[in-house]
Amino acid sequence: MEYYHSEAIPDTESEQKPSLWRTLFDILETIVLSVVMFLVINTLSARIRVDSYSMEPTLYKGNFVIVSKLAYKVSQVERGDIIVFHYPPNPKEQYIKRVIGLPGDQVHISDGKVYVNSERIAEPYLKVSTLRGGDWKVPERSLFVMGDNRNNSSDSRVWGMVPMNNVVGKALMIYWPPEKWGLLSFSLAAAATP
């Protein structure tokens, strides 16, 4: 007849304290792994703080946003995307705005309404009408962007188009403050056909 123990018998060898070298190796291994993870995360994403009122009511001053640097390496920019880019007149500054016009689009703003390729786009994220109007043709490899707080936004209507090379990435979500946490929606602007 065989007998089985219900409790593990302690192994006297495993109760030995780890050596100093083993402890140092474990610490070094943890530090190296942390640095590698930090570098990978910073390569694929950015974290930015919104410093203006130009994207209200979607983004408020003081919101922190996660930006995917990889998004436009694997997909195309779409109307309605919220992007972070190097401000064309001063590339050391970064701006956050919504994409309205894609390369080749004709943007027309009049009577508080925005038209892309002669089609009015639906913009349910706006709280006020767009006062400043005009006509713009978006060149190749460029984007036409505007803030959601249209009448208090310095954007493509003022300083021109954003070259695609200036785009840092796509804003994905608000992560701070906690009560504002959430994903940013992208395809709110209607798809106007060229």
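Coordinate-derived values only; no laboratory data. Given the structure is predicted, the values throughout are model-derived calculations rather than measurements. Quick reminder, even Gly has a Cβ in these numbers, built from the backbone with ideal geometry, and neighbours come from all protein chains shown.
The table for this structure:
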{"read-out": "Region 47-183: relative contact order in percent, alpha carbon pairs under 8 Å with at least 6 residues between", "value": "31"}
{"read-out": "Extension gain, Glu78 back to Asn151 (0.36 nm per residue minus Cα-Cα distance, nm)", "value": "24.0 nm"}
{"read-out": "Phi to ³J(HN,Hα) by Karplus 6.51 cos²θ - 1.76 cosθ + 1.60 over region 26-40, Hz, x for Gly, Pro", "value": "4, 5, 4, 4, 5, 5, 4, 4, 5, 5, 4, 4, 4, 5, 5"}
{"read-out": "Calculated log₁₀ intensity ratio I(q)/I(0) where the Debye formula runs over C-alpha points of region 79-123, q = 0.21, 0.28, 0.33 Å⁻¹", "value": "-0.78, -0.99, -1.11"}
{"read-out": "Phi-based couplings in Hz for region 156-172 (Karplus 6.51, -1.76, 1.60; Gly and Pro marked x)", "value": "4, 5, 9, 10, x, 7, 9, x, 4, 5, 7, 6, 7, x, 9, 6, 9"}
{"read-out": "Neighbour cut-off at most 10 other Cβ (10 Å), DSSP loop, chymotrypsin sites (Phe, Trp or Tyr not before Pro), region 52-138", "value": "none"}
{"read-out": "Efficiency of FRET from Cβ geometry, Ile31 and Arg141, R₀ 45 Å, rounded to 0.05", "value": "0.60"}
{"read-out": "Relative compactness, region 47-183, computed as alpha-carbon Rg over 2.2 N^0.38 Å", "value": "0.99"}
{"read-out": "When each of Lys92/Lys127; Lys61/Lys137; Lys73/Lys137; Lys137/Lys170 is checked by Cα-Cα distance, pairs over 27 Å", "value": "Lys92/Lys127; Lys61/Lys137"}
{"read-out": "Where labels lie 7 Å past Cα in the beta-carbon direction, separation of Tyr175 and Ser129 in nm", "value": "4.1"}
{"read-out": "For Val114, distant residues with modelled amide H under 5 Å away", "value": "Ile121"}
{"read-out": "Taking Val65, Val158, Val114, Val128 and counting other C-beta atoms within 10 Å, the order from fewest to most", "value": "Val158, Val128, Val65, Val114"}
{"read-out": "Karplus-derived 3J(HN,Hα), 6.51/-1.76/1.60, for each residue of region 65-77, Hz, glycine and proline x", "value": "10, 8, 10, 8, 7, 8, 3, 8, 7, 10, 8, 8, 5"}
{"read-out": "Order of Ile31, Ile109 under a 10 Å beta carbon neighbour criterion, fewest first", "value": "Ile31, Ile109"}
{"read-out": "Likely footprinting exposure, Glu29, Glu78, fewest C-beta neighbours within 10 Å first", "value": "Glu29, Glu78"}
{"read-out": "Local electrostatic count at Ser68 - Lys and Arg +1, Asp and Glu -1, tallied over other residues with Cβ under 14 Å", "value": "+2"}
{"read-out": "Of all DSSP beta bridges in region 47-183, antiparallel share, percent nearest 5", "value": "100"}
{"read-out": "Zone residues, region 92-107, relative to Ala122, backbone N less than 13 Å from point 7 Å out along Cα-to-Cβ", "value": "none"}
